[in-house]
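These notes are about the structure you will find just below.
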Amino acid sequence: MTTVSLKIESGATQLTLPEGFRSWLAFWEAQRGKRATQCEAFGCDREVTEAGRVIKVGKVDGVYILPLCDRCSSLANTRIFKAWDKDLVMLTQEPEAAT
């Protein structure tokens, strides 16, 4: 399995939830085919509270969602953390803030 380095996306990406979903977390669960229970950031074992918007460090290939706890999802976009690439669900092809 491949790991990726990620940062919280800090751009003003305004995305509308796909029809039939009440949250990005519900969308992530449907796309991955599993229930999100634990924060996906390596080293964190807290309970998932939302699907955070993340970008891959050093790549400008999109904005993704990833189940995160409230602490990890609120971190400044300067903190880099790792997660499994297979757990990312792409939201956009062109991130607004990929720095």
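The values are calculated or read from the model by the stated rules, or taken from the named source; none is laboratory data. Since we're looking at a predicted model, the values are computed, not measured. Here the Cβ is made from the backbone with ideal geometry for all residues, glycine too, and neighbour counts use every protein chain on show.
In the stretch 1-29, of all residues being farther than 16 Å from K86 by Cβ, aliphatic (A, V, I, L, M) and surrounded by 11 or more Cβ atoms within 10 Å (Cβ to Cβ), the one that is modelled with the lowest pLDDT corresponds to L15. Only one of the numbered conditions (1) modelled with pLDDT under 90; (2) touching a Lys or Arg at 6+ places or on another chain (Cβ under 9 Å); (3) loosely packed, with under 14 Cβ neighbours inside 10 Å is violated by Q93, and that is (2). Just one of the numbered conditions (1) out of contact with any Asp or Glu (no Cβ under 9 Å at 6 or more places or on another chain); (2) over 22 Å from T3 (Cβ atoms); (3) without any contact (Cβ under 8 Å) to a residue 60 or more places away in the chain is not true of D45: (2). State which residue is farthest from R22 (Cα to Cα) when the search covers only the stretch 48-63 and only residues that are in contact with a Leu (Cβ under 9 Å, 6 or more places away or on another chain) and in contact (Cβ under 8 Å) with a residue 40 or more places away in the chain. Among residues in the stretch 48-63 that are in contact with a Leu (Cβ under 9 Å, 6 or more places away or on another chain) and in contact (Cβ under 8 Å) with a residue 40 or more places away in the chain, the one farthest from R22 (Cα to Cα) is V57. Residues of the stretch 61-78 include at least one that is modelled with pLDDT of 85 or more, of a type in the set (F, W, Y) and surrounded by 19 or more Cβ atoms within 10 Å (Cβ to Cβ).
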